1. In the set B:ASN128, B:ASN143, B:ASN70, which member is out of contact with any Phe, Trp or Tyr (no Cβ under 6 Å at 6 or more places or on another chain) and open to solvent by 40 Å² or more (accessible area, probe 1.4 Å)?
2. Can you name every residue in the range B:149-180 that is of a type outside the set (Phe, Trp, Tyr), open to solvent by 60 Å² or more (accessible area, probe 1.4 Å) and in contact with a strand residue (DSSP E or B) (Cβ under 9 Å, 6 or more places away or on another chain)?
3. Please verify whether B:TYR393 is under 30 Å from B:ARG14 (Cβ atoms) and assigned to a helix (DSSP H, G or I), treating the condition exactly as stated.
4. Looking at the range B:293-387, what helices (runs of 4 or more DSSP H) fall wholly within it and have at least 3 residues that are within 25 Å of A:ALA85 (Cβ to Cβ)?
5. State which residue is nearest to A:TYR167 (Cα to Cα) when the search covers only the range A:287-322 and only residues that are open to solvent by 20 Å² or more (accessible area, probe 1.4 Å) and among the hydroxyl-bearing types (Ser, Thr, Tyr).
6. Being in contact with a helix residue (DSSP H, G or I) (Cβ under 7 Å, 6 or more places away or on another chain), surrounded by fewer than 23 Cβ atoms within 10 Å (Cβ to Cβ) and on the phi < 0 side of the Ramachandran plot: is that true of A:LEU71 here?
7. Please specify each residue of the range B:395-426 satisfying the condition of being open to solvent by less than 60 Å² (accessible area, probe 1.4 Å), within 14 Å of chain A (Cβ to nearest Cβ) and at pLDDT 90 or above.
8. Taking A:ALA158 and the conditions (1) open to solvent by 10 Å² or more (accessible area, probe 1.4 Å); (2) within 14 Å of another protein chain (Cβ to nearest Cβ); (3) more than 27 Å from B:SER358 (Cβ to Cβ), which numbered condition does it fall short on, given that it satisfies the others?
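The values are calculated or read from the model by the stated rules, or taken from the named source; none is laboratory data. Bear in mind that the values here come from a model prediction, so they are computed numbers and not experimental data. Don't worry about glycine lacking a Cβ; one is built from the backbone with ideal geometry, like all the others, and counts go over all protein chains shown. Side chains included, ligands, DNA and RNA excluded: accessible areas come from the protein's heavy atoms. Shrake-Rupley method; radii C 1.70, N 1.55, O 1.52, S 1.80 Å.
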Amino acid sequence: MKIDRSRPPAPGAAAPFTFPVWERHRLANGVQLMMLPETRIPLAHVEILLASGAEADPLEHRGLTPLASGLLDEGTQRHGSIEIADTVELLGASLFTSGDWDGVYVGTSSLSRHSEELFRLIAEIVRTPSFPPVELERLRRMGLADLANRASQPGFVAGRHVLNMVYGREHPYGESLAGTAEGLSAIERNDVRAWHRQRARPAETTIVAVGDVTAEQIGKLAEEHFGDWAARESHEPRRAPAPAARVGRRVRVIDRPNATQTELRVARVGLPRDSPSFLAARLLNLVLGGKFTSRLNLNLRESRAITYGVHSRLSGRRGPGPFTVSCAVDSEAAGIAVGEIIGEIDRLAAEPGPTGEIADAKNYLLGTLPYRIQTLEGRVDHLAEIALYSLADDFFRTLPAAVEAVSTEELESCAGNLLRTDDLAIAAVGPAAVVQPQLEAFGELEVIVENGPPDLS
Amino acid sequence: MTDYLPTFPIERHRLANGLDVVLQPDSHLPLVAVNLWYHVGSKNERPGKTGFAHLFEHMLFQGSVNVGTNDHFALLQKIGGVANGSTSYDRTNYYETVPSHQLELALWLESDRMGFLLPAMTQEKLDNQREVVMNERRQRVDNQPYGRAFEKLNQLVFPADHPYSWPVIGYMDDIEAARLEDVQHFFETYYRPNNAVLTLAGDCRPERALAMVEDYFGELPGAPPPPAVAASCEPTSGEQRAVLEDEVQLARLYIAYRIPAFGSRGWLLADLLASALTRGKSSPMYRDLVQRRQLAQDVSAAVLPTELESTFIVITTARPETSPDQLLAAVDEHLERAAHEVLPSHAFERCRNGLVTSYIEQLQSLDLRADLLSQSATFLGDPARYLDRLAAYQEATPREVREFAESSIAPPHRVVVTVVPGEAAA
């Protein structure tokens, strides 16, 4: 029988999917455990997360959380950097320590037969890091060199300028997470130790364990290695303040006379991850620029061919992270690109739903959930999201109903707040002689010339 | 040996038109990965027509007789599918992971562009994607710090007529000169069922899935096998060096050696050697260059999974106070030691354990697993060989790795490209 190719085939019966069931426990001192056993593949992934990140770093120490997080596995009171790396790698395992705006993460992934030994090690790293002065100096120097080198990447430069324009230098979000040369240079070992005292606290610690380990095993390990961890006096963790309101559109052109393209960032303040409007905002973002078939990409890439790709991103942080449109465009078309970006935001703001695109966005958001939890790493990330942003424990199990329930009124109200173009910050890294005349019409414009060694202050 | 190794069943079928079909049922999630490899890449191009395989990949997302211009991604994304394609030296792949009840949609889309592309091609679509690809090249190569280093490296590693000597994305002039008749010729020569492997991994019933594949692909005509690519594997003799100025703050070295093809014993030993030297903080090069002497910001070594032959590449970024020569001398100490001293058994064990674990970690994703199956079917002639590497890691000995290093990774037969701070070439 010949098949009919003239139209897309009808789907079969959908197989049921719900986010896997996981378990939560709490130790007496406040440490939380989130466990999702999965015995199919003999791997385990354990992550300890501390729920306070770079948003709480002093402004004069920008870059503290990434630097200090990187130092955690460079020595403990019992083991040196070399011993730690040798132990982990002989087991074939990976150990990672990192920090972002909202938290600090210490984790391992390995064959599950090694998870007990690795658990002991990461507990030690979280509780008793020694921050050896020689390692601090080494990582600081590497951080400084890395910052200097990233100042050559047009995308990085555009990104940090636009954050600076949106939040100002007095707000933690007003710089890249990597920090500044001044901040990194000013950090002393005592600052790192104080950082550890403030961040590593039982009440703000969550252990996420997924894979081929039982809840019983993890419960026992947690009790053994964290049970005697004394709760500290209660304190309110420092959070990013509300960003100052900005008025008017501003444009900054960072001159790169030889650049063969212009890196553009168009941004404003978005929403906190735990905002009740966040789901509506994600749907609007998917329509605007969050996927390949979003309006922006169909316009600037598929229709105008002035870029390899454009996307918009809603950065879900504890505070209101940036809402950013990013692309690298033909320098001759920078003005068209900015005009179209503003036009697409305005158009969606005027008519945020109900359209078929919102239904498609809902299906995309829900349909890709199984894809995103194929790996243990993906599962850890989802549980960590619940922990960091205090989402309901059944957040992902009830997500289908919540997504379906997002109404036109909610979309309209969210669009009114999020999709504004009167206070956009526009940063362009490219040849000013070509770009400046095209961008003058969009707002108050300044041109910045970065000469010689990059100014990363 | 690997008692912990997960096993997944594999079925293989060949349709009458030559399409190689690989099935790996695994129903732990209601997802199926559809992965289609065409055995054509930039090596099938010729000088003056570079970048065409990649440009052609873009054209395959521009619609076919029954699929509208922007519908491929639209139809997949609206059902929660994740899709893309990529081009390399020897192959071009197209893939989508979809909810399993939408498998038929994915097969309809892939078969329509395999069978019915040309009538939907227009000059306008070509012009448009040519501009997109030129912007892709600017974004990834020309306007990116260190972006031209690989291009220079391959130009020196391989003779000018060798098909790995030009970049996959192609030269700007060639991309600009691509014509509609090139699209037609390329399609008819290479995009035939007998030059492709279709892998389905995930939630599917093999008989049902195979019947569906037969329905959608069975009637597409096969074609004569595409012309083989001839390449001289004459080793380059001596050491060649090039220095590129770029808008960077830190110098970076790229050191490349020609080694045997993917799938050979030599390639595997090179893979082990690359890991033994640079993988993880306990590796000797990281520990010495980055941690102890602090000459380098980073160091890594890798081998490419290429078919005619391969390259072993060391990349290392100098600290601001380190000169490129000083860093190269330090790298050479390690390469020479690898050629003369057998790795200590614990160092070898570390590297092997790390490789095995990360390979198993990759198998968690249906899309990565499907891609590995297609790769094995295409390059090694048997999808089941996708686990060969794990067994080989277990069998190999430190002595063999040393012998390999001595014969293949010792100066003077190599290329060194250094990117230094300065002005970017126009």
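1. B:ASN70
2. Hits for the range B:149-180 are B:LYS152, B:GLN155.
3. Here the answer is no, as B:TYR393 does not meet what is asked.
4. In the range B:293-387, the matching helices (runs of 4 or more DSSP H) lie at B:324-340, B:345-362.
5. A:TYR308
6. no
7. Answer for the range B:395-426, where residues must be open to solvent by less than 60 Å² (accessible area, probe 1.4 Å), within 14 Å of chain A (Cβ to nearest Cβ) and at pLDDT 90 or above: B:VAL419, B:VAL420, B:GLY422.
8. (1)
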